[in-house]
1. Along Cα→Cβ, 7 Å out, is where each label goes; now give me the distance between the ones at R92 and K43 in nm to one decimal.
2. Testing the spin-label approximation: label points 7 Å from Cα along Cα→Cβ at R20 and Y71. State their distance in nm.
3. Rounded to whole Hz and in sequence order, give me ³J(HN,Hα) for the range 44-49 from the Karplus expression 6.51 cos²θ - 1.76 cosθ + 1.60, θ = phi - 60°, writing x for Gly and Pro.
4. Here is the link list: K43/K130; K60/K110; K39/K130; K46/K119; K60/K130; K39/K119. Which ones come out longer than 19 Å on Cα distance?
5. Highest mean first, how do 131-143, 67-79 rank when packing is the count of other Cβ atoms within 10 Å averaged over residues?
6. Largest first, how would K60, K46, K130 line up by accessible area (1.4 Å probe)?
Amino acid sequence: MFELTPFVRKNRVSVFDPFRDFEDFERSFFGRQEALSFKTDIKEKKDCFVLEAELPGFSKDDISVDIDGDYLTISANRSAEKEDKDHDGYVRRERSWGTYSRSFDISSVKGEEISAEYKDGVLTLNLPKKDVTAPTARKLEIK
């Protein structure tokens, strides 16, 4: 039964690295920060950006994409009542529940033309770029 429990090996031999030690301290004090958000990839194409967000285990109804001004917010909510139906018999639980959220600046995107698709645990947003206007040059007349 205990061989199924993951562990972290702490006896690594390496050169003193205060930054790694601080990260280890922060992780042990605050917990895993990765659990508070989700991973995203953003690709740039000729006429658009493509944002792919990993949201495995969520249904399409649990995910919301909101635009407020120049900010796009992706939120996903996994409720506790779905997770706690059968809480007896667990040796260890690593799947968490709660609200996960990330915001992105979309000031260079046509907000009204954004499209979204959710398939196989990946939310894909197509973000068309705004037309770039070249700065106009002019000569001022001195009076």
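The values are calculated or read from the model by the stated rules, or taken from the named source; none is laboratory data. None of the values given here were measured: they were computed from a predicted structure. Glycine gets a Cβ as well: all are built from the backbone with ideal geometry, and neighbour counts include every protein chain shown. Surface accessibility is based on the protein's heavy atoms, side chains included, excluding ligands, DNA and RNA. Shrake-Rupley method; radii C 1.70, N 1.55, O 1.52, S 1.80 Å.
1. The answer from the label model is 3.5 nm.
2. The two pseudo-label positions are separated by 3.6 nm.
3. Those phi angles translate into 9, 10, 4, 10, 7, 10 Hz.
4. Over 19 Å apart, Cα to Cα: K60/K110; K39/K130; K46/K119; K60/K130.
5. 67-79, 131-143
6. Details: K60 145, K46 195, K130 95 Å².
Ranking K60, K46, K130 by accessible area, largest first, yields K46, K60, K130.
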